[in-house]
Amino acid sequence: MSDYMGKFKKPHILMSAILIIIAVFCLVLILREGRSRGRTVRIISGGTLLRTYDMSVITDDIYITVVPASGSGDAYILEGIQHPDSSYNVIRISPEGVCVTDSDCPAGLCIHRGSISSPGIPIACLPNRLMITIDDTEESSTDAWTY
Amino acid sequence: MPGPTDNKNRIRSITVLGLMSALSLGIYAFESLLPPLFFIPGIKPGLSNIITLYCMKRFGRREAGMVLLVRIIISGILFGNPVSVIYSLTGGFTALLTEILADALLHGKYLHITGAFGGLFHNAGQLICAFFIMGSAAVFSYTPYLVLAGIITGMFTGLASSFLLKTKIPDKP
């Protein structure tokens, strides 16, 4: 391979250029991230869409507890703040945005993420396979994001 | 270091690679004690890549793969769970294969570029792994953050590794 690649006299320039282009492209994507307010909140556990909320009709704080799928059954939602024996994430949906307030996961990144209100990067909890996304679309039965 | 041809070389290579695995595990354990840098899962310094790169350059590709595998399995038993082992395996070996290829393309020079590619592909591999485990394409909205973080942390570990390689460490006692 090195004989073949010897034709390129300065591979490091090409490879640095590739890295710089990718980095600048990523930076542009990050800076252009939407600042608008989203409409539909989706609570997804293990790829299954459990529930959607329409942000425009939410007036008070709503608390739900999501229990991920385990050996004993599928994922489900408990109303209110609960602390089941299994894994869980407590989610607060308020007119200002959505956040995870409590979780049994070790690092607690989903809690540190804080509140989200605009379409863009979702809240993820990898240990509990939870995703919370916000998007601009109307609530609908077909969902292109989940599988 | 040549391949383990006779018994003495064999013993030495087992010892040295065991030491490298322990070092890598220690760095990994230290890193897991640090508070999360950012709210996105997967963004971390990846300091044990310093040892992977060092092993690849100093002992060989196969040896680096062995040290990486030992580190992932033991760290999985000590601090992790089966899911974190899957993430580590995907990320670690995607990174190592990329680094082997990048190192060949760069004729063994510019280790920071090799490291940056390794970091980039480590995160890309884990992202694809997350897509299958989380079952949601929404994880791909993290792509720009993870790719950028991979390049920066990979360049740092690559630089650290090239400084380590310049340091004279005696082969024989």
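The values are calculated or read from the model by the stated rules, or taken from the named source; none is laboratory data. A quick note: this is a predicted structure, and the numbers were derived from the prediction, not measured. In this analysis, Cβ positions are derived from the backbone assuming ideal geometry, glycine residues included, and neighbour counts consider all displayed protein chains. SASA here: full protein model, heavy atoms, side chains in, ligands and nucleic acids out. Shrake-Rupley method; radii C 1.70, N 1.55, O 1.52, S 1.80 Å.
Scanning the stretch B:71-82 for residues that are touching a helix residue (DSSP H, G or I) at 6+ places or on another chain (Cβ under 9 Å) and either in contact (Cβ under 8 Å) with a residue 60 or more places away in the chain or open to solvent by 60 Å² or more (accessible area, probe 1.4 Å) (or both) gives B:Ile73, B:Ile74, B:Ile77, B:Leu78, B:Phe79, B:Pro82.
Would you pick out the residues in the stretch A:103-118 that are among the charged types (D, E, K, R) and at the interface with another protein chain (Cβ under 9 Å from one of its Cβ atoms)? Walk me through it before giving the result.
The first filter runs over the stretch A:103-118 and keeps only residues among the charged types (D, E, K, R), leaving A:104, A:113.
Selection gives A:Arg113 alone.
Annotation note: Cβ proximity below 7 Å between a residue of the stretch B:147-167 that is within 25 Å of B:Leu127 (Cα to Cα) and a residue that is of a type outside the set (S, T, N, Q) and open to solvent by 70 Å² or more (accessible area, probe 1.4 Å) (sequence gap 6+ or interchain) occurs for B:Leu148/A:Leu27.
From the list A:Asp54, A:Asp61, which residue is closer than 21 Å to A:Thr101 by Cα, in contact with a Ser or Thr (Cβ under 7 Å, 6 or more places away or on another chain), assigned by TED's automatic domain parsing to the domain that holds A:Ile77 and open to solvent by less than 40 Å² (accessible area, probe 1.4 Å)? Talk me through it step by step, then tell me what you get.
On the way: A:Asp61 fails: open to solvent by less than 40 Å² (accessible area, probe 1.4 Å).
From the options A:Asp54, A:Asp61, the qualifying one is A:Asp54.
With respect to (1) open to solvent by 60 Å² or more (accessible area, probe 1.4 Å); (2) touching a strand residue (DSSP E or B) at 6+ places or on another chain (Cβ under 9 Å); (3) not acidic (Asp, Glu), the lone exception for A:Tyr88 is condition (1).
Scanning the stretch B:23-39 for residues that are within 13 Å of the chain's Cα centre (by Cα) and among the hydroxyl-bearing types (Ser, Thr, Tyr) yields a total of 2. Within the stretch B:109-137, restricting attention to residues that are free of Cβ contacts under 8 Å to residues at least 24 places away in the same chain and either facing chain A (nearest Cβ under 7 Å) or over 19 Å from B:Gly92 (Cβ atoms) (or both), the residue that is surrounded by the fewest Cβ atoms within 10 Å (Cβ to Cβ) is B:Lys109.
Of all residues in the stretch B:138-173, which are open to solvent by less than 40 Å² (accessible area, probe 1.4 Å) and either away from chain A (no Cβ under 14 Å) or in contact with a Phe, Trp or Tyr (Cβ under 6 Å, 6 or more places away or on another chain) (or both)? It would help to see each step written out before you state the result.
Of the residues in the stretch B:138-173, the ones open to solvent by less than 40 Å² (accessible area, probe 1.4 Å) are B:138-139, B:141-142, B:144-151, B:153-154, B:157-158, B:160-162.
B:Ala138, B:Val139, B:Thr157, B:Ala160, B:Ser161 - these are the residues of the stretch B:138-173 that are open to solvent by less than 40 Å² (accessible area, probe 1.4 Å) and either away from chain A (no Cβ under 14 Å) or in contact with a Phe, Trp or Tyr (Cβ under 6 Å, 6 or more places away or on another chain) (or both).
Only residues that are outside any loop (DSSP other than H, G, I, E, B) and within 14 Å of chain A (Cβ to nearest Cβ) were counted in the stretch B:37-55, giving 0. A:Ile134 meets all of the listed conditions (1) modelled with pLDDT under 90; (2) in contact with a helix residue (DSSP H, G or I) (Cβ under 9 Å, 6 or more places away or on another chain); (3) over 22 Å from B:Phe131 (Cα atoms) but one, namely (3).
Please indicate, with yes or no, whether at least one residue in the stretch B:95-103 is surrounded by fewer than 20 Cβ atoms within 10 Å (Cβ to Cβ), within 11 Å of another protein chain (Cβ to nearest Cβ) and touching a Lys or Arg at 6+ places or on another chain (Cβ under 6 Å). Yes: the stretch B:95-103 contains one or more residues that are surrounded by fewer than 20 Cβ atoms within 10 Å (Cβ to Cβ), within 11 Å of another protein chain (Cβ to nearest Cβ) and touching a Lys or Arg at 6+ places or on another chain (Cβ under 6 Å).
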